[in-house]
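What follows is a set of notes on a single structure, which appears directly below.
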Amino acid sequence: MPLAYHDAHNHLQDDWLAPHFDKIAAQLTAIGLRTAVVNGTSEDDWARVSKLSLQHSWVLPSFGLHPWDAGNRSPAWLEKLSTTLAAHPGAGVGEIGLDRWILERARPDDPRLTGLRRAPLDEQTEVFNAQLALATRDNRPATIHCLDAWGALWEILRSTTIPARGFLLHAYSGPAEMIRGFAERGAYFSFNGSFLDERHARHRETFKLVPPDRLLVETDAPAMLLPQPWRTYKLPPAPTGQPINHPGNIEAAYAGLASLLGISVETLTIQVAANFTRLFGR
Ligand SMILES: [Zn+2]
C-alpha cells in the first residue's frame, strides 16, 4: 500500500508559493499527501485559504490571527473570523498563539516582521483567548504557535476550557518537562522538518518523549527550511531573496522523525494518520 502523509501545519496560501502552486500540488499528490492543514494568519489571507480548500479536497482550512499579526488587526477582526469559520464547518482555528521572541529576541530589522506592530504579550493573550474560545465553542481543532512564552501558555491552557478534541502545539520547541502536562490537557505535538538541523538537537531529544498517540508531522512551508541534505524538494528563493521551504519536504520530515524514533516510515505514517484523524477529523 502506498504511504499516506499528513502535513499538520503549513501555509500553502502564501504569496511566495503562488507562482509555483500548480506544480507543487501535482508533486504533493504524487508523494501521497492525504491532507494538509493550511493555516491562515491574518484577516488578509483567510479568503485565499478558503479558496484553496474549495479547489483542493486535500486542503483542510484553518483560520486564525497569528501573534505576529495580532498588532495589525482591524476592529472587526473577531466578527470576520467568526463569519469565516461559520462558512467552513470542518475548519480549524489557527494559527493562533503567543510569541515573546518577537518582543525580546527578534532583530528590529528582521524582514519577516517588516510593517508589523509587535503586540505586547497581554494584548497577544487577549487575542489568543478570544480565538481559543471560538475553537472551544465549536469543538474545532486549535493550532497553537508558541515561542518563548511556554509558562504563559501553560497558565491559560491549564485554567480555561479548551476544545474537547484537543489542540496542536505546532513545531513544539518547549521544554521536555512540559510535554506530560500539555498532553494531559489534550495536546498533540507536530515535528517540523527543520528540527533535523544539527542546531536543533534539543528539539529532537524532546520529541522522543512525546506519547506516540500524540505525534504529528509538519512542514510550516514556505517557512522553516530543512537542513541541506534533507531538502528533497526545492524552490527558487522569494523575491526578497529569502529561501523557501517546499511542502513536498513533508516526506523528508517523516523520514527524519522515523529514524530518530527508530521505527519504520510505514509504522510512523500509520500512527500519524490515526492521530491526525482523531484531532482534525479527516
Ligand atoms: Zn505556521
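Numerical summary
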quantity: Per residue Cα convex hull volume in Å³ - calculated over segment 197-282; calculated: 111 Å³
quantity: Share of carbon and sulfur in the accessible heavy-atom surface of the chain [1.4 Å probe, %]; calculated: 55 percent
quantity: Among 191, 167, 182: highest mean-square fluctuation, GNM of the chain, C-alpha pairs under 10 Å; calculated: 182
quantity: Exposure rank, largest accessible area first [46, 58, 154; 1.4 Å]; calculated: 154, 58, 46
quantity: Positive-end residue of 263, 190, 281, charge dipole of the chain with Cβ unit charges; calculated: 263
quantity: Residue 219 long-range amide H proximity, modeled H, under 5 Å; calculated: 8, 9
quantity: Top of 232, 125, 240 by mean-square fluctuation, Gaussian network on the chain, Cα under 10 Å; calculated: 240
quantity: P(r) weight above 13 Å for segment 61-118, C-alpha pairs, percent; calculated: 65 percent
quantity: Cβ-based net charge around residue 96, under 13 Å, with every Lys or Arg adding one and every Asp or Glu removing one; calculated: -2
quantity: 1.4 Å probe accessible area per residue over the chain, in Å²; calculated: 43 Å²
quantity: Assigned charges on the beta-carbon of Lys, Arg, Asp, Glu; the chain dipole about Cα centre (debye); calculated: 440 debye
quantity: Solvent-accessible surface ranking, highest first, for 88, 20 at 1.4 angstrom; calculated: 20, 88
quantity: Proximal lysines relative to residue 234, as straight alpha-carbon distance under 24 Å, when same-chain residues fewer than 8 apart are discounted; calculated: 23
quantity: Gaussian network model of the chain, Cα within-10 Å springs - most flexible of 163, 211, 111; calculated: 111
quantity: Hull shadow area, averaged, segment 1-91 [alpha-carbon convex hull, nm²]; calculated: 6.3 nm²
quantity: Compactness of the chain, expressed as Rg and Dmax over alpha-carbon positions, Å; calculated: 17.4, 50
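The values are calculated or read from the model by the stated rules, or taken from the named source; none is laboratory data. Only a predicted model underlies this, so the values are computations on that prediction, with no experimental measurement involved. Neighbour counts are summed over all protein chains in view; Cβ atoms, including those assigned to glycine, are modelled from backbone coordinates with ideal geometry. We work out accessible area using only protein heavy atoms, side chains counted, and drop any ligands, DNA or RNA first. Shrake-Rupley method; radii C 1.70, N 1.55, O 1.52, S 1.80 Å.
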